[in-house]
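Structure first, then comments.
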Amino acid sequence: MTDEIRKSVGLQELIKMEGNEKKFQYKGYNCEIKRIEGSGHLCGYVELPFQKLSDELQEIPHGGVTYRKVTEQGNVVIGFDCAHEFDRLPFVESHDDCYYTYCDMGFVEGELKKMVDYLEKEGIR
């Protein structure tokens, strides 16, 4: 979706166009974006081989890594959320919405790609 389209539609229309989840592979890594039902904010996840995560990787995505789960296959899924200070929660009304920014699918995808680029640079496969 282009920036022009994003700017021309309202937030609720944008959310409808984005959908509630997106799965993709980037450089061989499984990535996923999910919308949280109650608040409407997005979370991004990337799956990687199980190993200790560096402090640098934990600081790369928006708000830092806030999720970590080991899969049955022994891999680890790490993720981040877009529900931090000054993040707009689209399903939660606020009188101060003009001060908050909605982190859309394109933003979350970009953050996931930054994480994968770091993993690749560090040789984590």
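The values are calculated or read from the model by the stated rules, or taken from the named source; none is laboratory data. All figures in this text were calculated on a predicted structure; none of them were measured in a lab. Glycine also receives a Cβ, built like all others from the backbone with ideal geometry; neighbour counts cover every protein chain displayed. For accessibility, only protein heavy atoms count, side chains too; no ligands or nucleic acids. Shrake-Rupley method; radii C 1.70, N 1.55, O 1.52, S 1.80 Å.
Is at least one residue of the range 30-41 closer than 17 Å to residue 116 by Cα, open to solvent by 50 Å² or more (accessible area, probe 1.4 Å) and of a type in the set (Asp, Glu)?
no
Find the residue count for the range 77-123, including only residues that are modelled with pLDDT of 90 or more, open to solvent by 40 Å² or more (accessible area, probe 1.4 Å) and of a type in the set (Gly, Ala, Ser).
Qualifying residue count for the region: 1.
Among the numbered conditions (1) under 17 Å from the mean Cα position of the chain (by Cα); (2) surrounded by 13 or more Cβ atoms within 10 Å (Cβ to Cβ), tell me where residue 59 comes up short.
Only one criterion is unmet by residue 59, namely (2).
Taking strands (runs of 3 or more DSSP E) that fall entirely within the range 27-125, which contain at least 1 residues that are touching a residue at least 12 places away in the same chain (Cβ under 8 Å) and touching a Lys or Arg at 6+ places or on another chain (Cβ under 9 Å)?
Those strands (runs of 3 or more DSSP E) span 29-35, 42-49, 75-81.
So, in the range 42-56, how many residues would count as being open to solvent by 30 Å² or more (accessible area, probe 1.4 Å) and more than 21 Å from residue 102 (Cβ to Cβ)?
Adding up the residues that qualify gives 8.
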